[in-house]
Amino acid sequence: MKTKKIPMRTCVITKEKLEKKDLIRIVRTPSGEVVIDESGKQNGRGAYLKKDLEVIKKAENSKILERHLETSINSSIYEELKKLCN
């Protein structure tokens with residue numbers, strides 16, 4: 001029996017390759033809105049963060065998501081990310 005391929009993605013902070021289910025996807029939609037994509041299938045430019053509070057804090061301080069998504073990010077997005085990690 002053929003084994004199913006496990007999707008691997010890279011965290012923008014730690015550069016670790018992890019399974020898609022172990023990461024949080026943040027998306028800039030075509031309309032320019034930044035949202036947390038819990039389904040992992042939303043249209044737009046995406047960036048992945050490891051589900052770890054330290055990684056979220058580091059992303060907020062370094063503003064790496066703003067560079068990856070090429071837009072400014074509201075602090076409410078980081079608050080939602082922190083709630084998802086707890």
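Summary of computed values
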item: For the range 23-28, 3J(HN,Hα) per residue [Karplus equation, 6.51 cos²θ - 1.76 cosθ + 1.60, θ = phi - 60°, Hz, x = Gly/Pro]; result: 10, 10, 9, 10, 10, 9
item: Using alpha-carbon coordinates, inclination of helix 75-85 to the longest axis of the chain, degrees; result: 30
item: The range 10-86 - charge dipole about Cα centre, Lys and Arg +1 at Cβ, Asp and Glu -1, debye rounded to 20; result: 220
item: Peptides 65-77, 48-60 ordered by average Cβ neighbours within 10 Å, highest first; result: 48-60, 65-77
item: D (Stokes-Einstein, µm²/s), Kirkwood Cα radius, the range 8-85, 1.567 mPa s at 4 °C; result: 106
item: Placed amide H near Asp37: partners under 5 Å, 5+ positions off or other chain; result: Arg25, Ile26, Val27
item: J(HN,Hα) series, the range 38-49, from Karplus relation 6.51 cos²θ - 1.76 cosθ + 1.60, nearest Hz, glycine and proline x; result: 6, 7, x, 10, 6, 5, x, 7, x, 9, 10, 10
item: Options Met8, Thr29, Asn43, ranked by Cα towards positive dipole end of the chain, top entry (Cβ charges); result: Met8
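Read-outs: derived from the displayed coordinates by stated rules, not from any lab. Predicted model only: the values in this text are computed from it and were never measured. Every residue, glycine as well, gets a Cβ built from its backbone with ideal geometry; the counts of neighbours run over all protein chains shown.
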